[in-house]
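Enquirer: This is the structure, below, for whatever I ask next.
The values are calculated or read from the model by the stated rules, or taken from the named source; none is laboratory data. Computed from a predicted structure; not experimentally measured. Don't worry about glycine lacking a Cβ; one is built from the backbone with ideal geometry, like all the others, and counts go over all protein chains shown.
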């Protein structure tokens, strides 16, 4: 086993004594400088979802809405065309002009009435909605969520396909954001 030798004594001196740490804590930089032990979930998230809180005035979103970004702002997605079906995630919560969007991973929506084990698709008929009915002819089939309970699920955001009808095959695919950034 190789041993790493650290030559910066001032950095080593700044590391807090490990005896003050509890299980699950990590060393974090403090706003006033210096380092301290903090709970792992503080600032880094739980690691079970890629999510972000966005501020956008007068957005009109509600928890459970499926969103896309039109190049300027977030707006509700819909599976009626490839452009409108470029969904990026699902709104988990709303607080005034702020909303939290889950791009991938676990989500909980208080008041949802999902069926555990069911796949939920982006709706072709209702703006921003989820449905268990897969899109029809010339619409985009876009799986977004697998329910794990009546109020929880996993945002999957699979690649959308435009239904060509008849044979049940797909003739065109929707370009979907494939890279998730975890911070």
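Enquirer: If you scan region 53-69, which residues turn out to be under 15 Å from the mean Cα position of the chain (by Cα) and outside any loop (DSSP other than H, G, I, E, B)?
Expert: Of everything in region 53-69, those that are under 15 Å from the mean Cα position of the chain (by Cα) and outside any loop (DSSP other than H, G, I, E, B) turn out to be 53, 54, 66, 67, 68, 69.
Enquirer: What's the total number of residues in region 127-142 that are farther than 18 Å from residue 69 by Cβ and either modelled with pLDDT under 95 or exposed (fewer than 14 other Cβ atoms within 10 Å of the Cβ) (or both)?
Expert: 9
Enquirer: Do we have residue 85 as surrounded by fewer than 21 Cβ atoms within 10 Å (Cβ to Cβ) and either farther than 21 Å from residue 50 by Cα or in the same structural domain as residue 160 (by TED's automatic domain parsing) (or both) here?
Expert: Numbers: surrounded by fewer than 21 Cβ atoms within 10 Å (Cβ to Cβ): no; either farther than 21 Å from residue 50 by Cα or in the same structural domain as residue 160 (by TED's automatic domain parsing) (or both): yes.
Against the criterion (surrounded by fewer than 21 Cβ atoms within 10 Å (Cβ to Cβ) and either farther than 21 Å from residue 50 by Cα or in the same structural domain as residue 160 (by TED's automatic domain parsing) (or both)), residue 85 does not qualify.
Enquirer: Right, here's the next one. Hey, any hits in region 159-168 for a residue that's crowded, with 16+ Cβ neighbours inside 10 Å and within 23 Å of residue 51 (Cβ to Cβ)?
Expert: First pass over region 159-168, keeping only residues crowded, with 16+ Cβ neighbours inside 10 Å: 160-163.
Subsequent filtering for residues that are within 23 Å of residue 51 (Cβ to Cβ) retains 160.
Yes, the conditions are met somewhere in region 159-168.
Enquirer: Which pairs turn up if I take residues in region 142-168 that are closer than 16 Å to residue 123 by Cβ and look for partners that are crowded, with 17+ Cβ neighbours inside 10 Å and at pLDDT below 80 with beta carbon separation below 6 Å, at least 6 apart in sequence or on another chain?
Expert: Cβ pairs passing all conditions: 160/174.
Enquirer: Related question: Looking for something without any contact (Cβ under 8 Å) to a residue 60 or more places away in the chain, part of a loop (DSSP other than H, G, I, E, B), over 11 Å from the mean Cα position of the chain (by Cα) and on the phi > 0 side of the Ramachandran plot - is there at least one such residue anywhere in region 70-90?
Expert: Among the residues of region 70-90, at least one is without any contact (Cβ under 8 Å) to a residue 60 or more places away in the chain, part of a loop (DSSP other than H, G, I, E, B), over 11 Å from the mean Cα position of the chain (by Cα) and on the phi > 0 side of the Ramachandran plot, which makes the answer yes.
Enquirer: For the subset of region 143-158 comprising residues that are in contact with a strand residue (DSSP E or B) (Cβ under 8 Å, 6 or more places away or on another chain) and not in a strand (DSSP E or B), which member is surrounded by the most Cβ atoms within 10 Å (Cβ to Cβ)?
Expert: First pass over region 143-158, keeping only residues in contact with a strand residue (DSSP E or B) (Cβ under 8 Å, 6 or more places away or on another chain): 143-148, 151-158.
Now drop any that are not not in a strand (DSSP E or B), which leaves 148, 151, 156-158.
Details: 148: 16, 151: 15, 156: 13, 157: 25, 158: 13.
Filtering region 143-158 for residues that are in contact with a strand residue (DSSP E or B) (Cβ under 8 Å, 6 or more places away or on another chain) and not in a strand (DSSP E or B), the one surrounded by the most Cβ atoms within 10 Å (Cβ to Cβ) comes out as 157.
Enquirer: Which count do you get for residues in region 110-124 that are in contact (Cβ under 8 Å) with a residue 40 or more places away in the chain and either crowded, with 22+ Cβ neighbours inside 10 Å or closer than 16 Å to residue 68 by Cα (or both)?
Expert: 4
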